[in-house]
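Written out below as structure tokens is the structure these notes cover.
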Amino acid sequence: MTGVALVTGGTRGIGRAIALALHSGGHRVAAVYHGNEDAAIAFRRETGLAAYHWDVGDFDACAAGVAHVEGDLGPIRVLVNNAGITRDAILHKMSREQWSEVMRTNLDSLFNMCHAVVPGMRERRYGRIVNISSVNGQRGQAGQTNYAASKAAVLGFSRSLALEGAHHGITVNAVAPGYCDTEMVAAIPSDVLRATIATIPVGRLGRPEEVAGLVAYLSREDAGFVTGATIAVNGGQWTG
Ligand code: CAA
């Protein structure tokens, strides 16, 4: 059975690839965006999929947005918390704003979105939640105390919610991508990026579709015994 899938940060990068993979798997997809209106317009035009605008760091906006999507498309069966930002700086140069913007978008968003979606999943005794973490949440990265902390927290959040959902038919898993060919990674200083790619055993950046295929699998009904897992997609960069 398929149904409605909601992907935050779903109009660009890895989120866009996830939205397309879920659509190919038969879901009615809602992509949520916030920052980039032009990308959302292009996404709607190129894919024919629905894109909704709200701030996933805003608790009330998430409740209203989820109600809006469910009114338009039907009950949400799959939630992919993908929206994330970087504000890289080494700690002593990091502002409080850089810290809290990252925490709000990357972590508060999981609470806000799951709080809006989980009650319906519990009533219907079915749900698939996939939270996007990062290799840098698993191993740490200089310049990313904020981002790595938020992405490590995604892992604890996912494991805990997996325990709460297990006897209600709800699975919760985390996917931890490595460095992929996206605008976020393209923003890394070029010398740093070259050096980073040299540390990836596969010898290249990941493709968004390589992450999306795994998310699509975890979103399937027959993935019901996979829950509380963290699965890396990082070209062998970190295997711990
Ligand atoms: N390891 C250890 N220390 C490092 C370092 C590294 N890789 N890179 C920089 N530093 C240290 C420098 O040695 C220097 O230390 P001291 O002050 O003790 O001398 C300090 O950081 C500041 O260095 P700079 O003044 O040269 O650099 P900066 O302050 O302009 O920028 C930086 C530093 C923000 C870390 C920058 O190098 C950078 O952006 N690095 C990339 C970080 C990164 O990989 N981000 C991933 C983004 S993509 C993503 O997050 C997606 C995903 O999930 C994988």
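Against the list (1) closer than 22 Å to residue 232 by Cβ; (2) buried (at least 24 other Cβ atoms within 10 Å of the Cβ); (3) in contact (Cβ under 8 Å) with a residue 24 or more places away in the chain, the condition residue 112 fails is (1). For region 214-237, the count of residues that are outside any strand (DSSP E or B), of a type outside the set (Ser, Thr, Tyr), within 16 Å of the ligand (Cβ to nearest atom) and surrounded by fewer than 17 Cβ atoms within 10 Å (Cβ to Cβ) is nonzero. Inside region 115-143, can you point out the residues that are among the polar types (S, T, N, Q) and surrounded by 19 or more Cβ atoms within 10 Å (Cβ to Cβ)? Hits for region 115-143 are 131, 133, 134, 136, 138. In this structure, is residue 154 closer than 21 Å to residue 233 by Cβ and touching a Gly at 6+ places or on another chain (Cβ under 7 Å)? In short, yes.
Is region 207-218 home to any residue that is acidic (Asp, Glu) and either on the phi > 0 side of the Ramachandran plot or within 16 Å of the chain's Cα centre (by Cα) (or both)? Yes, that holds for at least one residue. Criterion applied to 176, 148 was being in contact with a strand residue (DSSP E or B) (Cβ under 6 Å, 6 or more places away or on another chain) and within 24 Å of residue 207 (Cα to Cα), and the one residue passing it is 176. Answer yes or no: is there a residue in region 43-50 that is closer than 26 Å to residue 155 by Cβ and acidic (Asp, Glu). No, region 43-50 contains no residue that is closer than 26 Å to residue 155 by Cβ and acidic (Asp, Glu).
Here residue 118 clears all of (1) closer than 18 Å to residue 13 by Cβ; (2) assigned to a helix (DSSP H, G or I); (3) not basic (Lys, Arg) except the condition numbered (1). If you go through region 41-63 and keep only what is within 15 Å of residue 111 (Cα to Cα) and loosely packed, with under 13 Cβ neighbours inside 10 Å, you end up with just 60. Among residues of region 70-85 being buried (at least 22 other Cβ atoms within 10 Å of the Cβ) and within 16 Å of the ligand (Cβ to nearest atom), the one that is nearest to the chain's Cα centre (by Cα) is 82.
From the set of residues in region 144-187 that are within 11 Å of the ligand (Cβ to nearest atom) and without any contact (Cβ under 8 Å) to a residue 24 or more places away in the chain, which is surrounded by the fewest Cβ atoms within 10 Å (Cβ to Cβ)? Only one residue tops the list, namely 186. Of the residues making up region 94-104, at least one is modelled with pLDDT of 95 or more, crowded, with 22+ Cβ neighbours inside 10 Å, within 14 Å of the ligand (Cβ to nearest atom) and under 19 Å from the mean Cα position of the chain (by Cα).
Every condition in (1) touching a residue at least 60 places away in the same chain (Cβ under 8 Å); (2) more than 13 Å from the ligand (Cβ to nearest atom) holds for residue 132 except the one numbered (2). Restricting 89, 67 to those that are more than 16 Å from the ligand (Cβ to nearest atom) and farther than 12 Å from residue 12 by Cα reduces the list to 67. Kindly evaluate residue 12 against the criterion of being modelled with pLDDT of 95 or more and under 25 Å from residue 125 (Cβ atoms). Judged against the criteria, residue 12 is not a match. If the condition is being in contact (Cβ under 8 Å) with a residue 24 or more places away in the chain and of a type in the set (A, V, I, L, M, F, W, C), then region 43-57 contributes 43, 49, 51, 56.
The values are calculated or read from the model by the stated rules, or taken from the named source; none is laboratory data. The structure presented is a predicted model; accordingly, all values stated were derived computationally and were not measured. Neighbour counts run over all protein chains shown; Cβ positions are idealised from the backbone, glycine included.
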